[in-house]
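Peer 1: I am attaching a structure below and will ask some questions about it afterwards.
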Amino acid sequence: STILYNDSFLRREQGKVDMEDRGYQFGDGIYEALRVYNGKMFLLDLHMKRLNRSARELRLSLPYDTNHLAENLDRLIRENQIDYGYVYFQITRGAIARKHRFPEQKIDCVLTGSVEAASKDEDLHADGIKVSLLDDIRWLRCDIKTLNLLGNVLANQEAFEQGSDDAILHRDGVVTEGTTCNAFIVKDGVLITHPADHFILNGITRIFVLELAERLGIPVEERTYTTEELRNADEAFITSTGVRVTPVIRIDDQSVGDGKPGLITLRLLRAFNLDVE
Ligand code: PDD
C-alpha cells in the first residue's frame, strides 16, 4: 500500500521511524482518525479544526496547512483505491537527542498517514454492546488528541479481559467517556453527555450527534452525570468515528433499561446512517 510521509508518497515498507523521534520516545505528537464513505472523508473540516487545536495546545507546528494535508489525504485514498474505510494520520514533534524540554533549534516534525479499507458498516454494533465501568486514570488534558494513550489502552485491555467490548470511565463516580469513544445516556427523554472540557476528547461524532439531536428535537443537556445515573439510565450509547452510534445494553453485570437498544439511540443511529448513505 501507499502511505503519506511528510509531503511524499511512499510504499508502506519505506515508512521508517527514527529511534529518537519524540513521538516514539515521549508520545509527543497528535493524531486524527477519520472515516471514508464513498471515497470522501466524512466531517473532514471538523477533524482538521480539531487537529489545529491539538497542535496549538502542544505548541507543535504543522509541516503544512490543513488544506494541503486534505489534498494529500485525498490522493492517498485514491492511490489506495479506498471507497470505504479509515484514514489515520499523526504528527510528532520530530527527532532529536532525547531531552524532555522542546528542542531549542528548529527541527522538522514528522507527519505520517495511512488508509485502511473497511466496509461501510464495519465496526458497527447496532444490537448493542457490553461495557465495563472503570476508573479514569488518564491525565487532565484529555481534550487534546495526543499519541499518549496508555490510560486508554490499559482500560480497553482490562475491559476486553472482563468480556466487555469497551470501558466507560469515571473519575470519582463522575462518568467521563469511553476509552475510544464518547458516552451518552438518555433519562426521561433527555439526552445527557459530559461537557466538552479538559476531561474528555470532544469527539467529532459527539458534535455531529448533538447536531442530529437538535435536528430531531431531542432535548440535550451537556452536563456531568454519575455512575449511578448511568446505571439507572433508560438508554446509554457510545459514539466514535468507528462505531457511529452504538447502544450500550449491559454495564458490567447489569442491563441498561430493558436490556435492548433504546428508542432515542436508534433514532439517532438511523438519522446518522441517512447522512452517510
Ligand atoms: N478515538 N474519546 C476518545 C478517548 C477517543 O479516543 C475517541 C476517538 C473519541 C471519539 O472521537 P471521534 O468521534 O472524533 O472519533 C472520544 C479514535 C477513533 C481512535 O483513537 O482511533
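The values are calculated or read from the model by the stated rules, or taken from the named source; none is laboratory data. The model shown is predicted, which means the values in this text are computed figures rather than measured ones. Neighbour counts run over all protein chains shown; Cβ positions are idealised from the backbone, glycine included.
Peer 1: If you scan region 141-157, which residues turn out to be over 14 Å from residue 176 (Cβ atoms) and within 9 Å of the ligand (Cβ to nearest atom)?
Peer 2: Within region 141-157, 145, 149 qualify.
Peer 1: Before we move on, is residue 57 among the acidic types (Asp, Glu), away from the ligand (no atom under 14 Å from the Cβ) and over 20 Å from the mean Cα position of the chain (by Cα)? Spell out the reasoning first.
Peer 2: Details: among the acidic types (Asp, Glu): yes; away from the ligand (no atom under 14 Å from the Cβ): yes; over 20 Å from the mean Cα position of the chain (by Cα): no.
No; evaluated as a whole, the condition is false for this residue.
Peer 1: Looking at region 118-132, can you tell me whether even one residue there is surrounded by 15 or more Cβ atoms within 10 Å (Cβ to Cβ), modelled with pLDDT of 95 or more and acidic (Asp, Glu)?
Peer 2: No; the residues of region 118-132 include none that is surrounded by 15 or more Cβ atoms within 10 Å (Cβ to Cβ), modelled with pLDDT of 95 or more and acidic (Asp, Glu).
Peer 1: Restricting to region 201-260, give me the number of residues that are over 16 Å from residue 169 (Cα atoms), of a type in the set (Ser, Thr, Tyr) and either in contact (Cβ under 8 Å) with a residue 24 or more places away in the chain or within 13 Å of the ligand (Cβ to nearest atom) (or both).
Peer 2: Final tally of qualifying residues: 3.
Peer 1: Look at region 214-251 and say how many of its residues are within 20 Å of residue 128 (Cα to Cα) and of a type in the set (Lys, Arg).
Peer 2: Residues flagged as within 20 Å of residue 128 (Cα to Cα) and of a type in the set (Lys, Arg) within region 214-251 amount to 3.
Peer 1: Taking residue 246 as the residue in question, decide whether it is touching a His at 6+ places or on another chain (Cβ under 7 Å) and under 18 Å from residue 182 (Cβ atoms).
Peer 2: On the way: touching a His at 6+ places or on another chain (Cβ under 7 Å): yes; under 18 Å from residue 182 (Cβ atoms): yes.
Considered against the rule, which asks whether it is touching a His at 6+ places or on another chain (Cβ under 7 Å) and under 18 Å from residue 182 (Cβ atoms), residue 246 comes out as yes.
Okay, residues lined up against (1) of a type in the set (A, V, I, L, M); (2) under 13 Å from residue 31 (Cα atoms):
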site: 76; (1), (2): yes, no
site: 87; (1), (2): yes, yes
site: 102; (1), (2): no, no
site: 115; (1), (2): yes, no
site: 119; (1), (2): no, no
site: 123; (1), (2): no, no
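Peer 1: Can residue 180 be described as crowded, with 20+ Cβ neighbours inside 10 Å, within 15 Å of the ligand (Cβ to nearest atom) and within 14 Å of the chain's Cα centre (by Cα)? Spell out how you get there, then give the answer.
Peer 2: Values: crowded, with 20+ Cβ neighbours inside 10 Å: yes; within 15 Å of the ligand (Cβ to nearest atom): yes; within 14 Å of the chain's Cα centre (by Cα): yes.
In short, yes.
Peer 1: When you scan region 132-187, how many residues do you find that are part of a loop (DSSP other than H, G, I, E, B) and either over 19 Å from residue 252 (Cα atoms) or free of Cβ contacts under 8 Å to residues at least 24 places away in the same chain (or both)?
Peer 2: Filtering region 132-187 for residues part of a loop (DSSP other than H, G, I, E, B) gives 136-145, 147-149, 162-165, 172-173, 179-181.
Narrowing further to those that are either over 19 Å from residue 252 (Cα atoms) or free of Cβ contacts under 8 Å to residues at least 24 places away in the same chain (or both): 137-145, 147-149, 172.
Residues meeting the conditions: 13.
Peer 1: Related question: Do we find that residue 6 is exposed (fewer than 14 other Cβ atoms within 10 Å of the Cβ), in the same structural domain as residue 101 (by TED's automatic domain parsing), touching a residue at least 40 places away in the same chain (Cβ under 8 Å) and of a type in the set (S, T, N, Q) in this structure? Break it down stepwise before answering.
Peer 2: On the way: exposed (fewer than 14 other Cβ atoms within 10 Å of the Cβ): no; in the same structural domain as residue 101 (by TED's automatic domain parsing): yes; touching a residue at least 40 places away in the same chain (Cβ under 8 Å): yes; of a type in the set (S, T, N, Q): yes.
No.
Peer 1: Further question on the same structure: Looking at region 1-8, can you tell me whether even one residue there is farther than 21 Å from residue 210 by Cα and part of a helix (DSSP H, G or I)?
Peer 2: Pass one, region 1-8, residues farther than 21 Å from residue 210 by Cα: 1-8.
Imposing the further condition that a residue be part of a helix (DSSP H, G or I) reduces the set to none.
Checking region 1-8: not a single residue is farther than 21 Å from residue 210 by Cα and part of a helix (DSSP H, G or I).
Peer 1: Restricting attention to region 28-40, and to residues there that are within 13 Å of the ligand (Cβ to nearest atom) and out of contact with any helix residue (DSSP H, G or I) (no Cβ under 6 Å at 6 or more places or on another chain), which single residue is nearest to residue 148 (Cα to Cα)?
Peer 2: Per the criteria, the residue is 31.
Peer 1: Report yes if residue 194 is more than 21 Å from residue 48 (Cα to Cα), within 16 Å of the ligand (Cβ to nearest atom), outside the structural domain of residue 47 (by TED's automatic domain parsing) and in contact with an Asp or Glu (Cβ under 7 Å, 6 or more places away or on another chain), otherwise no.
Peer 2: The answer is yes for residue 194.
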